[in-house]
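The structure appears below as structure tokens.
Bear in mind these aren't lab numbers, they're just calculated from the coordinates by the rules spelled out. Just so you know, these numbers come straight off a predicted model, no measurement behind them. Virtual Cβ from ideal backbone geometry, glycine too; neighbours counted across all protein chains shown.
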Amino acid sequence: MSLSQIQNLNFRTAINQDISAICAIHNVNVRSKATSTQQGFLLCEVTEDELLKKQEEEVQYFVATGTSNEILGYIAVSTPRITSDFLEQVYWEDDTYKNLVTRDGNRYIQVVAVRPEHTSQGIARFLYESLYHEFPDSFFTAFVVTKPVKNLRSLDFHNKQGFQKIGTIQLEQFLDMKDYESVLLLKE
């Protein structure tokens, strides 16, 4: 996608009619149990009903559309509910981050995904930059899985966006993965 095509992208709040496209984009980016863990970066599939329920409860979905109004990608954001148990599970780079993530203004980026045929075309970057404008007085956190799935592409993307590692979660088991690890990233 050229610079002029990126300029033709639109960012908007998702509506209920967008949920099937969001679900399709999500599920096409899920790692497959039948193939290498390097394929797909999302951990599990979702249903339209699950997405609608999340949207009703806590998650805001935003989409990027092209000139034909086709949804090319989406981003899911929420205000995190941080418990003391969660704070104790994280291996913090610095203990001051514990207090920072509990402050008002924290927007947790749950998922950003783009149609596979449109990856590496600036759509995810467009979604993030639009999100920063949507929530100008906020700071952003995100998790990226590093074991057993090593999502180097996402780590590199977040690094280029100005995110920094502030903590790590390690679990013996998460979903179907043993020795799970995920890093917590922050952009102020």
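Tabulated values for the structure
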item	result
Mean projected area (nm²) of the alpha-carbon convex hull when the chain is viewed from all directions	10.8 nm²
Pairwise Lys count, region 48-188 - Cα closer than 18 Å, eight or more residues apart or different chains	9
³J(HN,Hα) computed for each position of region 82-87 - Karplus, 6.51 cos²θ - 1.76 cosθ + 1.60, integer Hz, glycine/proline x	9, 9, 5, 4, 4, 4
Helix-only mean residue ellipticity at 222 nm for the chain, each DSSP H run of n ≥ 4 adding -39500 (n - 2.57), per residue, nearest 500	-8500 deg cm²/dmol
Under 10 Å, Cβ to Cβ, from ASP179 - net charge with Lys/Arg +1 and Asp/Glu -1	0
Per-residue ³J(HN,Hα) for region 12-28, Karplus 6.51 cos²θ - 1.76 cosθ + 1.60, θ = phi - 60°, Hz, x for Gly and Pro	8, 5, 6, 10, 3, 5, 7, 4, 5, 5, 4, 4, 5, 5, 4, 5, 6
Footprinting exposure proxy for SER130, SER120, SER182 (fewest neighbouring C-beta atoms within 10 Å first)	SER120, SER130, SER182
The chain - percent relative contact order, Cα under 8 Å, separation 6 or more	20 percent
Calculated from backbone phi, Karplus (6.51, -1.76, 1.60) coupling profile of region 164-171 in Hz, x at Gly/Pro	10, 6, 10, x, 9, 10, 10, 10
